[in-house]
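Following: one structure in structure tokens, then a few remarks.
Every read-out reported here was derived from the displayed coordinates using simple, explicitly stated rules and does not represent laboratory data. The model shown is predicted, which means the values in this text are computed figures rather than measured ones. We place every Cβ from the backbone using ideal geometry, glycine too, and count neighbours over all the protein chains shown.
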């Protein structure tokens, strides 16, 4: 009878955690693949609007990003609350757009220069005026390929608030 | 001598290490948006007279500072914009052989556009217009072109324009010399030519 004695102890067996690393690794790989490191630290509010006619952007090395929006809370003391332009990692006046785009273009490979796309990440609450100014500067800089970066969704839902 | 098996490495802390990495990636990364409405800006203005365009070939869209929409001098809800734009582009009112549009299925109204190749949508917006409204209007107008291109590409090649573009973008980079690739490019160009995206934005007013 002593054969069966062990089973009588009322303790629950420990849950086998051997596959826990596998699960965590799976999550880890998902996040590693799905996310892209952000180059610039955002200093402006940047909630993108939705649109459903979106096309995928070109490769990252061909893209120059310009952010437009009101300064985030930490920067409001310095820059006020009206919309500003962020080039790279600092807030700049509209007159710097040309220089910024040209500098970025010069850093690119020869093949990518023609395919350069300017991705405009504009906050959905921003006004069009400042965007128009930026577009004028881009025209002067001959950076004619642009993309209004937006999330995929119904644009009419944006307007209902 | 008894054969001793090598002692097993304790893998108990593997989960901790993986968690640490996981948390690092969770914190440092943000999912970046990599899609957007593509558009082309016109080159800087030179001092030359703009070519004459007939009034009926222009579809005027105005957005004012209160985000209201004025289409062809009439108030319009944004939900109906695409429909109106499609009707305008697909009108095909041209009568003489030079202007006629063989593939249009519109009303052939002589007061509206002659030919999709000549039809121009002109978008004017106020500086105070909000960006989301501006983008929604642009989106709706682009959608009008997409609908018509889809229709034509289905008629000619039995495949939507969108799926052709998808195939083009996902084509393996090493096989771009094949005749299939060139044929696909050719087809896309043809459909694009039937309904070119003539979406013009007014020169901003000098303040």
If one builds a Gaussian network model of chain A from Cα atoms under 10 Å apart, the most fluctuating residue listed among A:118, A:81, A:44 is A:81
Given a Förster distance of 51 angstrom, what is the FRET efficiency for residue A:20 paired with residue B:154, based on the Cβ-Cβ distance and rounded to 0.05?
0.50
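Give the shape of the range B:28-142 as rounded, prolate or oblate, defined through the alpha-carbon gyration tensor: a ≥ b ≥ c are the square roots of its eigenvalues, a/c under 1.5 means rounded, and otherwise the shape is prolate if a/b is larger than b/c and oblate if not. Don't skip to the answer; put the middle values down first.
Working: a/c = 1.74, a/b = 1.64, b/c = 1.06.
Note, shape of the range B:28-142 comes out prolate.
Gain in length, residue A:154 to residue A:41, computed as 0.36 nm per residue apart minus the alpha-carbon separation, to one decimal in nm?
37.9 nm
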So what is the 222 nm mean residue ellipticity for chain A from helices alone, if each DSSP H run of at least 4 adds -39500 (n - 2.57) and you divide by all residues, rounding to the nearest 500 deg cm²/dmol?
-9000 deg cm²/dmol
To the nearest 10 degrees, the tilt of helix A:128-140 (Cα long axis) against the first principal axis of the alpha carbons of chain A is 70
Between the Cα axis of helix A:97-107 and the main Cα principal axis of chain A, the angle (0 to 90°, nearest 10) is 60
When each pair of different Cα atoms in the range A:50-159 is counted once in the 1/r mean, what is the Kirkwood radius in angstroms, to one decimal?
14.8
With each pseudo-label sitting 7 Å past Cα toward Cβ, what's the residue B:122-residue B:173 distance in nm, one decimal?
4.3
How far apart, in nm, are two points set 7 Å out from the Cα along the Cα-to-Cβ line at residue A:110 and at residue B:60?
5.0
With 5 Å bins from zero, work out the P(r) of the range A:112-161 over every alpha carbon pair and list the percent per bin.
4, 17, 24, 22, 15, 11, 5, 2, 0
Using all Cα-Cα distances in chain B, what percent lands in each 10 angstrom bin from 0 up to the longest?
7, 24, 25, 18, 10, 6, 5, 3, 2, 1, 0
Which whole number of Å³ per residue matches the convex hull of the alpha-carbon atoms in the range B:154-195?
64
Principal-axis tilt of helix B:179-194 within chain B, Cα atoms, nearest 10 degrees:
40
Output needed: percent of Cα pairs per 10 Å distance bin for the protein assembly as shown, bins running from 0 to the one holding the longest distance.
4, 18, 25, 22, 12, 6, 5, 4, 2, 1, 0
